[in-house]
Amino acid sequence: MKLFTRLFLVGNLLLALTGAIRAFPSGQLQPGFLRHLFDVYGYLTSTARHHGFFAPGVVSSLQVDYVLYHAGAKVKAGHLTTDNLEVRHRLGNLFNKLWLKKEDVDLRRAIAASLAAKLFTAHSGADRVEIIVKAFVLPSLHTFKEGDRPFWETSYQGYFTKSEI
Amino acid sequence: MISNIQARVESFFTPRISALPFQFLRVGTAFVLLIQALMIAPHLQDLYGPGGFFQGPLAEILLKNSTPEFISLEILSKLLHLRPALLLKLVFLSYVIFLFLVLTGIWLRATLFLLWALHGLLMFNWGMLSSYGVDTFASIILLYLIVSPKDPEQGNANDLEMARQRGFCLRIFQLHIMLAYCTSGIYKAMGIQWWNGEVIWRAMMLPGFGVWDASWLTKVPWLTRLLSLGTLLIEIGYPLFVLASRRTRIFVITSILLMHLGIAVFLGLWTFSCIMIVINTSLFLLPYRNETNCDTRRCENLVLAH
């Protein structure tokens, strides 16, 4: 094997090590070409990623419900999900952005507005949509055993009209 | 003394490996990614397109702090004078075609490189918002497949040097995966849910993951703790178990395969689990497939050369 390839593999492994311990070089560099280079390489090769799957724990699930209206009358209601498991997980990752941005009220509304725009595209007859984001509150295993039951708690609710979007 | 250490290091990093592990890795990965692509295809624009659930400028705001700016599909669409949605369809179609070419082993070096580039283009644009572990490991695998020596049909299968080149590449990839499992286990150990078993309960009961009703776990609370502590043990100890002896390697790889099977069945993460099963089989089972009960170091030289 050519020396270059060997050096590349070792260098890539060392970068993966820095990514895994959350010390990827670009974080230490000033903004500029070199930092950008490390950033792009880190993302394309996933060496910048740490592998914290399900760590430090599992957060709650979010569900996005919607109610579509036309001239004040309810025309359709449902929630944004699918039976396709692969897509369902990816949608879950998307909707988790609403969870992460809980403190940022404006950004949360912008995210909800984007979902509303998507619904208006799919249901052209609707002129108003209500977006309800619910979080699944799961009791611990022990309190579940004692009788507590899970429930959905509304964490965001907003109305959007076609004209404002 | 020094030459002895040097010889041991050389022997550790350049075991002689047949083409089979990398062939299995290539075929297995391409097959899983093809299935994944078929599942994603009907929702392509929703997940990866500018008109998806998180549209245009909003996606850019959300991506700003998590991804570097490089070749975005939006910039590319302006350069090529194509609508972003159409460009996305073309990129995705090319991605599927290249997956098929990699699966069948046609023009491997070039197709693997282009597949890796297309995968990066899809995942690290709007697709980044919905990506998860399977995308991370797919990009890692594709990079090692690009760098790994050619398959025997294109090179000399019996060439000792070729077998050693493969061995070096495989060893570095093994270390990469050991690093991934070990650090993943350490990050898990920082959360209380992994020590009291709540993580298993939550993962299996939350609608985002759970596929089956798991309320039966309340009858066997010890099982959740056993599974979570067991996961910490095999993930943190993965490098040690893999390197210590044949028995510990078989124990940890069997446990890891069962864990990924469980993740697939109970949490519905089929593509992620299949990719991890392909990795573990390629790196830690197939290279040692002729291994019998013998001293570990002697086995390294006996079983890896065939």
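All of the numbers you see were taken from the coordinates with simple rules; none came from a lab. The shown structure was predicted, so the numbers you read here are calculated from the model rather than taken from an experiment. Neighbour counts run over all protein chains shown; Cβ positions are idealised from the backbone, glycine included.
Averaging over all projection directions, find the projected area of the Cα convex hull of chain B and quote it in nm² with one decimal place.
On the way: hull surface 76.4 nm².
Here the figure is 19.1 nm², rounded to one decimal.
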Open item on the list: So if a site counts as exposed when it's one of the GluC sites (Glu not before Pro), its DSSP state isn't H, G, I, E or B, and it has at most 16 other Cβ atoms within 10 Å, what's the longest stretch of chain B without one?
Closed with: B:154-306
- [ ] Work out which helices of chain A, taken as complete DSSP H runs, extend at least 24 Å along their axis over the Cα atoms and score a mean Kyte-Doolittle of -1.0 or more, then list them.
- [x] A:3-20, A:105-122
Open item on the list: Suppose R0 equals 51 Å. What FRET efficiency, 1/(1 + (r/R0)^6) with r the Cβ-Cβ distance, do A:Arg109 and B:Phe251 give to the nearest 0.05?
Closed with: 0.45
- [ ] For n ≥ 4 DSSP H runs only, could you compute -39500 (n - 2.57) per run for the protein assembly as shown, divide by its residues and tell me the 222 nm figure to the nearest 500?
- [x] -19500 deg cm²/dmol
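Mind pulling up the Rg/Rh value for the range A:38-165? Radius of gyration and Kirkwood radius, both on Cα.
Details: Rg = 17.9 Å, Rh = 17.0 Å.
Radius of gyration relative to Kirkwood radius: 1.05.
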Task: Per-bin percent of Cα-Cα distances, the protein assembly as shown [10 Å] - done: 4, 18, 28, 26, 16, 7, 2, 0, 0
TODO: Please turn the phi angles of the range B:127-141 into ³J(HN,Hα) values with the Karplus equation 6.51 cos²θ - 1.76 cosθ + 1.60 (θ = phi - 60°), one per residue in order, whole Hz, x for glycine and proline.
DONE: x, 4, 5, 10, 6, 8, x, 4, 5, 4, 6, 5, 5, 5, 4
Open item on the list: Which of B:Val27, B:Val211, B:Val102 ends up with the largest GNM mean-square fluctuation for chain B, with Cα atoms connected below 10 Å?
Closed with: B:Val211
Open item on the list: Once you keep just the Cα pairs under 8 angstrom separated by 6 or more residues, what percentage relative contact order results for chain B?
Closed with: 25
Open item on the list: Students often forget the sequence filter, so: which lysines lie under 28 Å Cα-Cα from A:Lys2 once same-chain residues fewer than 8 apart are removed?
Closed with: B:Lys150
Task: Table column - 3J(HN,Hα) (Hz), the range B:222-230, Karplus curve with 6.51, -1.76, 1.60, x for Gly and Pro - done: 4, 5, 5, 5, 4, 5, 6, 5, x
- [ ] Please give, to one decimal in nm, the separation of the simple spin-label points placed at B:Ser215 and B:Arg109, each 7 Å out from Cα toward the Cβ.
- [x] 6.1
Task: Per-residue HN-Hα couplings for the range B:93-107 [Karplus 6.51, -1.76, 1.60; θ = phi - 60°; Hz; x = Gly/Pro] - done: 4, 4, 4, 5, 4, 5, 4, 5, 5, 5, 4, 8, x, 8, 6
TODO: Round to a whole angstrom and tell me the spacing of the C-alpha centers of the range B:1-38 and the range A:70-144.
DONE: 43
- [ ] With springs connecting C-alpha atoms under 10 Å apart, model chain A as a Gaussian network and identify which of A:Arg49, A:Arg90, A:Arg109 has the largest mean-square fluctuation.
- [x] A:Arg49
Task: For chain B, built as a Gaussian network whose Cα springs stay under 10 Å, the top-fluctuating residue of B:Val134, B:Val265, B:Val32 - done: B:Val265
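Ranked by Cβ crowding within 10 angstrom, fewest neighbours first, how are A:His142, B:His176 ordered? Provide the component values of the computation, followed by the final result.
Working: A:His142 13, B:His176 21.
The most exposed by this proxy come first: A:His142, B:His176.
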Task: Amide proton proximity set for A:Val75, modelled H, under 5 Å, gap of 5+ - done: A:Leu68, A:Tyr69, A:His70
